[in-house]
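Student: First the structure, which I've put down as structure tokens, then a few questions once you've had a look.
The values are calculated or read from the model by the stated rules, or taken from the named source; none is laboratory data. Please read all numbers here as calculations on a predicted model, not as lab measurements. Note that each Cβ is placed from the backbone with ideal geometry, even for glycine, and that neighbours are counted across all protein chains shown.
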């Protein structure tokens, strides 16, 4: 009887602990990926709402203080896979059927970096030529395409004309 009671007690203890782990999702700072654009920041903030009490407050502080590195377009190549606030001069605008490129600093293929916008988002931006010969600031993740750094944007809130 004592053995079965002890077994039941241990089983109940472990079963109760595992249930609590399932109910509370803890996102540790080293597990939070900063690789995605604005959409991912929303996902990180949504996961914060799943936490409770002190953990929720601590996690929210982490996401709010998460810094975005300010860089110039020439530095984009050394910041692949990082969220940045990139500043550069739009030397050329190339609009294709499925994609638009804002080539920074020089015309393609000598550009240092490009801002990429896909066809599904064209209607959000209007005329892309409004960015030509302007200094811009773009927020997003630096990725690489065919050996060149790029920042893919999906929303006009990610780009700002500085002059």
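Student: Quick check on this structure: which one of 110, 129 is free of Cβ contacts under 8 Å to residues at least 60 places away in the same chain and under 20 Å from residue 162 (Cα atoms)?
Tutor: Answer to the selection: 129.
Student: Out of everything in the stretch 48-69 that is within 20 Å of the chain's Cα centre (by Cα) and crowded, with 16+ Cβ neighbours inside 10 Å, what residue ends up being modelled with the lowest pLDDT?
Tutor: 48
Residue-by-condition table, conditions (1) part of a helix (DSSP H, G or I); (2) buried (at least 17 other Cβ atoms within 10 Å of the Cβ):
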site: 111; (1), (2): no, yes
site: 120; (1), (2): yes, no
site: 123; (1), (2): yes, no
site: 133; (1), (2): no, no
site: 142; (1), (2): no, yes
site: 150; (1), (2): no, yes
site: 157; (1), (2): yes, no
site: 160; (1), (2): no, no
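Student: Here is a follow-up. Please find, among 72, 86, the residue that is under 15 Å from the mean Cα position of the chain (by Cα) and at pLDDT 95 or above.
Tutor: 86
Student: Hey, another quick one. Just the residues that are farther than 16 Å from residue 158 by Cβ and out of contact with any strand residue (DSSP E or B) (no Cβ under 7 Å at 6 or more places or on another chain), please, taken from the stretch 99-143.
Tutor: Of everything in the stretch 99-143, those that are farther than 16 Å from residue 158 by Cβ and out of contact with any strand residue (DSSP E or B) (no Cβ under 7 Å at 6 or more places or on another chain) turn out to be 109, 110, 127.
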